[in-house]
1. Within the stretch 77-91, track down each residue that is open to solvent by 100 Å² or more (accessible area, probe 1.4 Å) and farther than 22 Å from I45 by Cα.
2. Determine whether the stretch 44-57 contains at least one residue that is β-branched (V, I, T) and modelled with pLDDT of 95 or more.
3. May I ask you to say which residue of R61, R41 is at pLDDT 95 or above and more than 16 Å from T27 (Cα to Cα)?
4. Residue by residue through the stretch 87-101, note down the ones that are without any contact (Cβ under 8 Å) to a residue 40 or more places away in the chain and in a helix (DSSP H, G or I).
5. Output the qualifying pairs, or none if there are none: Cβ atoms under 8 angstrom, residues six or more apart or on different chains, first residue in the stretch 21-40 and polar (S, T, N, Q), second residue at pLDDT 95 or above.
Amino acid sequence: MNAVQSNNREPLSQEQFLSEAAMLHQTWIRRFDAQHRRRPRPPEIEAERLRLVRRLQLVQRLQQEVTSAEDLVERLCGFIEKPREARLVEGDTPFIEALLRTWEAAQMPQASTIAAGATPPKPSGTTEFRW
């Protein structure tokens, strides 16, 4: 199955969605590490890396635990209601909301063209997250 499903317009499966989210976060972490080689890193740099790692860990946890598209929505909504369950860095709830909105958008027919325009997260200090 192609990563971009432009011909058949089928919605992304939750497995593919989470797999792509995990790969994207792994890429961002590698890029982050390459840009911040100096040791020891300043506390704000370590905090930003921890934020990325915790996001990746959440996505990987969802990969292992989610059994259906409905389950994914239910889990993300549950994390929005109880953010501590997500085990993210404090104040990172907007990430869960963005992940849910992105999943919902991925179910629309034009999702493959939206997904093709993924962008990395902004520098630390911002809470906005876009794919």
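1. Here is the first cut: in the stretch 77-91, the ones open to solvent by 100 Å² or more (accessible area, probe 1.4 Å) are 81-82, 84-85, 87, 90.
Passing the criteria: E81, K82, R84, E85.
2. Taking the stretch 44-57 and keeping what is β-branched (V, I, T), we get 45, 53.
Next, only the ones that are modelled with pLDDT of 95 or more stay: 53.
Looking for residues that are β-branched (V, I, T) and modelled with pLDDT of 95 or more, one finds at least one in the stretch 44-57, hence yes.
3. Working: R41 fails: at pLDDT 95 or above.
After applying the criteria, what remains is R61.
4. First, the residues of the stretch 87-101 that are without any contact (Cβ under 8 Å) to a residue 40 or more places away in the chain: 87-88, 90-91, 93-94, 96-98, 100-101.
Result: T93, P94, I96, E97, A98, L100, R101.
5. Close Cβ pairs satisfying both conditions: Q26/L56.
The values are calculated or read from the model by the stated rules, or taken from the named source; none is laboratory data. From a predicted model like this one, the values you see are computed outputs, not experimental measurements. Heads up, the Cβs are rebuilt from the backbone with ideal geometry, glycines too, and the neighbour counts pull from every protein chain shown. For accessibility, only protein heavy atoms count, side chains too; no ligands or nucleic acids. Shrake-Rupley method; radii C 1.70, N 1.55, O 1.52, S 1.80 Å.
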